[in-house]
Amino acid sequence: MKKITCLGSIVTALLPASALAGEARPASKATPDRPNIIFILADDLGFGDLSCYGSQHIKTPNIDRLAATGTHFTQSYAGSGISSPSRCSLMTGRNTGNTRIRDNTCTAGGLTGLKISPRGDTTVIRRANLLPQDTTIATVLHAAGYKTCLVNKWHLDGYDPKASPIYRGFDEFHGWLISTVCSNSPYYYPYWRFNNSKLETVKANDHDRHVKHNTDLSTDDAIRFVRRNRRHPFFLYLAYDAPHEPYIIDNTSWYDDETWDLNTKRYASLVTHMDAAIGRLLAELDRLHLRENTLVIFASDNGAAVQAPLNFFRCNAGFRGRKAQLYEGGIRVPFIVNQPGRVPVQRLDNIIYFPDVMPTLAALAGATPHLPTHTDGINVLPLFYGKPVDTDHRLLYWEFPGKQRAARKGDWKCVTVKKGAPLELYNLKDDPEEKHNLADQYPDMVKEFDREMKAARTPSANWPLPGE
């Protein structure tokens with residue numbers, strides 16, 4: 001791998017989160033009723049990549065233990081089928097018909113910059129970024145007295161270095177930004193890493209050395225943040241890169257006895273390595289006697305990618321589609337909630353998605369007054385604690401503007417993944433793999449879906465559509 005000169009401006013001084021969200025209320029120690037919050041997000045992990053969700057090959061004992069001793073959802077959805085819009089939906093509580101960022105690249109506005117492929121090829125593209133007026137989960141929780149930290153992947157800065165997490169509600173940031181391109185891949189054995197506003201060299205990986213894997217760097221940063229804030233309520237957003245391609249990891253010892261090809265071994269190893277890192281973080285919570293005062297959530301930002309061993313591992317659990325598509329394989333993701341003594345052991349079929357996370361965590365932290373006036377999600381916190389919430393009689397909406405759109409309401413889903421193609425209709429209760437298009441049998445239902453889908457979105461200056 002060749003080292004590429006960093007591009008873009010480096011932020012030399014960033015405003016503290018308090019300057020953006022107002023001064024936080026006085027600190028009080030976390031309790032089981034108002035716990036610390038750790039949200040762990042995998043990158044391109046398929047619904048079927050975890051043992052607790054049916055994997056027959058990949059070892060994930062620590063994540064499995066979170067599911068076995070907590071709550072796991074079977075009908076949980078990401079905010080989108082790819083990274084930036086999904087994370088934007090998660091952070092802002094809005095669906096991709098209303099979010100600031102609706103695709104990884106935009107067609108108007110934003111800023112231009114270079115995208116570097118794993119082969120080292122560069123392409124000029126345009127990206128949008130979160131703006132100062134966009135309220136994030138970190139903004140809301142900071143205003144309620146939580147220390148907030150993002151570790152590793154943000155992907156909401158576009159090419160604007162002043163759209164760093166520290167400008168968007170986070171007290172701390174340790175990771176990488178799109179706006180400063182530092183290598184031909186920001187993944188796995190990086191040369192550079194942000195420590196808040198300062199871009200620092202990862203000396204262990206200098207001169208193309210593969211010494212410190214990014215999953216380990218991220219876990220180290222997360223543990224240090226927890227140690228610093230063990231006497232203060234905190235929100236840690238730990239956004240791993242694994243198992244996003246390119247599948248680079250030198251240690252494949254978990255699977256060296258298998259006859260699989262190297263790409264398959266590395267994919268599985270990235271997942272298992274991340275699982276081991278999560279185990280290390282959980283062990284630190286136990287050591288610090290924080291576990292019962294900490295709610296841990298685990299999810300993925302979208303389904304597995306086309307580069308993954310999709311068929312061999314059944315990465316997307318037999319669902320149709322993959323990353324970058326709005327079929328189930330692109331947007332249905334694992335979602336696990338765990339807090340000893342508080343979250344019961346249960347398997348829930350309630351339909352939830354990323355826009356629900358902001359109002360839910362705000363309710364948990366007593367931060368509801370700090371929510372923005374509009375969110376597309378609902379508070380599903382009672383579900384975490386074994387109480388009912390009706391989540392199935394509302395419209396869930398996704399789009400890639402002008403190219404794909406999808407909506408789910410109850411058992412029914414309308415979707416199209418091709419520009420200009422008619423909507424398809426599926427009954428997911430009877431046909432979760434979306435094999436039998438019922439649009440011709442229920443044309444009135446398709447028309448009603450179309451009407452509600454159009455009402456669920458607002459125009460975007462970054463993705464202008466004809467007639468808007």
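Structure data summary
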read-out: Flag if Thr201 is free of Cβ contacts under 8 Å to residues at least 60 places away in the same chain, open to solvent by 10 Å² or more (accessible area, probe 1.4 Å), more than 30 Å from Thr122 (Cβ to Cβ) and β-branched (Val, Ile, Thr); value: no
read-out: Residues within the stretch 384-413 that are over 18 Å from Glu434 (Cβ atoms) and open to solvent by less than 10 Å² (accessible area, probe 1.4 Å), tallied; value: 2
read-out: Answer from Ser86, Ser80 - the residue that is within 22 Å of Ile331 (Cβ to Cβ) and in a loop (DSSP other than H, G, I, E, B); value: Ser80
read-out: Test result for Leu326, open to solvent by less than 30 Å² (accessible area, probe 1.4 Å), part of a helix (DSSP H, G or I) and either closer than 27 Å to Val226 by Cα or touching a residue at least 12 places away in the same chain (Cβ under 8 Å) (or both); value: no
read-out: Odd one out for Val345, checked against (1) of a type outside the set (Gly, Ala, Ser); (2) touching a residue at least 24 places away in the same chain (Cβ under 8 Å); (3) surrounded by fewer than 20 Cβ atoms within 10 Å (Cβ to Cβ); (4) under 14 Å from Gln75 (Cβ atoms); value: (4)
read-out: Qualifying residues in the stretch 414-467 (those that are among the charged types (D, E, K, R) and touching a residue at least 40 places away in the same chain (Cβ under 8 Å)) - the one most open to solvent (accessible area, probe 1.4 Å); value: Lys435
read-out: Residue count, the stretch 365-382 (criterion: assigned to a helix (DSSP H, G or I) and open to solvent by 10 Å² or more (accessible area, probe 1.4 Å)); value: 5
read-out: Among (1) open to solvent by less than 20 Å² (accessible area, probe 1.4 Å); (2) under 30 Å from Lys147 (Cβ atoms) - the single one Thr69 does not satisfy; value: (1)
read-out: Lone unmet requirement of (1) within 15 Å of Cys52 (Cα to Cα); (2) part of a strand (DSSP E or B) for Ala317; value: (2)
read-out: Long-range neighbours under 7 Å by Cβ, at least six apart or interchain, first residue in contact (Cβ under 8 Å) with a residue 60 or more places away in the chain and of a type in the set (Asp, Glu) within the stretch 362-390, second surrounded by 17 or more Cβ atoms within 10 Å (Cβ to Cβ) and assigned to a loop (DSSP other than H, G, I, E, B); value: Asp376/Gly93; Asp376/Arg94; Asp376/Asn95; Asp376/Asn98
read-out: Some residue of the stretch 242-250 being of a type in the set (A, V, I, L, M), buried (at least 20 other Cβ atoms within 10 Å of the Cβ) and touching a strand residue (DSSP E or B) at 6+ places or on another chain (Cβ under 8 Å); value: yes
read-out: Sole residue being open to solvent by 10 Å² or more (accessible area, probe 1.4 Å) and either modelled with pLDDT under 95 or outside any helix (DSSP H, G or I) (or both), chosen from Arg102, Arg34; value: Arg34
read-out: Residues that are touching a residue at least 24 places away in the same chain (Cβ under 8 Å), in contact with a Lys or Arg (Cβ under 9 Å, 6 or more places away or on another chain) and among the β-branched types (Val, Ile, Thr), drawn from the stretch 266-322; value: Val271, Thr272
read-out: Residue that is in contact with an Asp or Glu (Cβ under 8 Å, 6 or more places away or on another chain), surrounded by fewer than 23 Cβ atoms within 10 Å (Cβ to Cβ) and not acidic (Asp, Glu), where the choices are Arg320, Arg314; value: Arg320
read-out: Output for the stretch 259-289, where each listed residue is open to solvent by 10 Å² or more (accessible area, probe 1.4 Å) and among the hydrophobic types (A, V, I, L, M, F, W, C); value: Trp260, Leu262, Ala276, Leu282, Ala283, Leu288
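The values are calculated or read from the model by the stated rules, or taken from the named source; none is laboratory data. What you are looking at is a predicted structure, and each value in this text was computed from that prediction instead of being measured. FYI the Cβ positions are ideal-geometry reconstructions off the backbone, even for glycines, and counts take in every protein chain you see. Each accessible area value is taken on the protein alone, full model and side chains, heavy atoms only, with ligands, DNA and RNA left out. Shrake-Rupley method; radii C 1.70, N 1.55, O 1.52, S 1.80 Å.
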